[in-house]
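First comes the structure, then the notes that go with it.
The values are calculated or read from the model by the stated rules, or taken from the named source; none is laboratory data. Just so it is clear, the model here is predicted, and its values are computed rather than measured. Cβ atoms come from the backbone with ideal geometry, glycine included; neighbour counts cover every protein chain shown. Ligands, DNA and RNA are excluded from the accessible area calculation, which covers all protein heavy atoms including side chains. Shrake-Rupley method; radii C 1.70, N 1.55, O 1.52, S 1.80 Å.
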Amino acid sequence: MTPVILLAAEKQSAEVTDWAARIGWVVGLALFVALVYWLMREGWKWRGTLQGDLPELPTAPESPGKARLAVLSMSGRYHGSTTAGQWLDRIVARGLGTRSRAELTLTDAGVDVVRPGATDFFVPAAALRGARLDKGIAGKVLTEGGLLVLTWEHGGKLIDSGFRSDHAAEHNEWVDTLNEMINKRETEGAR
């Protein structure tokens, strides 16, 4: 036989899997992911503690008045709240940091935000400071004008809350109606 054939015949396959090393890597990766998750959770709790001076959120009055829009409510998603003008400074206290489905109803008394699985809240008409279309709020960026942002005051702090309707065409009507309501209140108060 030639030496090349002998070398080929003597070669053996290497062991395919080193199970001990593989299990070690999987366990190490799982521990790393658990550590990162725990650190994120602690950061979220710490942020809530820092914002603990935020008072309890108002609840809807028993008789909120008549609906201000032709479509009685807007269903969609609540994407969170931030300090007004600082779209990355998320507010997590009092459940405002929890993203959820939401149904908004605008009445003479204010905006009622019903969130299944999360804390409902009410924005009194007197607390509303403005409404606009925007493209992003803390962790959620959409196309230009894809987000309805309500600016309101609570506990001496201005807050921006972001909503996205299931039917984005409703946003413009909400912005117009809310700003008209705010301007009317301000002009009546100036007299």
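Think of the chain as a dipole: +1 on every Lys or Arg Cβ, -1 on every Asp or Glu Cβ, centred on the Cα centre; then among Thr107, Leu31, Trp174, Leu31 lies furthest on the positive end.
For the residues Ala21, Ala109, Ala138, a GNM of the chain with alpha-carbon springs under 10 Å puts the largest fluctuation on Ala21. The residues of region 35-134 expose, per residue, 54 Å² of accessible area to a 1.4 Å probe.
Of the chymotrypsin sites (Phe, Trp or Tyr not before Pro) in region 60-158, not one is in a loop by DSSP (not H, G, I, E or B) with at most 12 other beta carbons within 10 Å. Here the calculated FRET efficiency for Glu188 and Leu158, from their Cβ-Cβ distance with R0 = 30 Å, stands at 0.90, rounded to the nearest 0.05. Computed from these coordinates, which is Rg/Rh (Cα atoms, Kirkwood Rh): (i) 1.01; (ii) 1.36; (iii) 0.96? Comparing each candidate, only (ii) matches the computed number. Once the Cβ-Cβ distance of Asp166 and Glu42 is raised to the sixth power relative to R0 = 35 Å, the FRET efficiency obtained is 0.50. Identify which of Val111, Val175, Val141 has the largest mean-square fluctuation in a Gaussian network model of the chain, with springs joining Cα atoms closer than 10 Å. Checking each option, the largest mean-square fluctuation is seen for Val141. The accessible-area ordering, largest first, of the residues Thr151, Thr143, Thr187 stands as Thr143, Thr187, Thr151, per a 1.4 angstrom probe. Can you give me the % of accessible surface on the chain that is carbon or sulfur? Probe 1.4 Å, all protein chains present, nothing else counted. Ligands and nucleic acids excluded, carbon and sulfur give 59 percent.
Highest mobility in the GNM of the chain, judged by mean-square fluctuation with C-alpha springs under 10 Å and restricted to Asp176, Asp18, Asp166, is found for Asp18. The length gained on full extension between Glu173 and Arg99, counted as 0.36 nm times the residue separation minus their Cα-Cα distance, comes to 24.3 nm. When you restrict to C-alpha pairs under 8 Å that are six or more residues apart and normalise by the size of region 35-132, the relative contact order lands at 27 percent.
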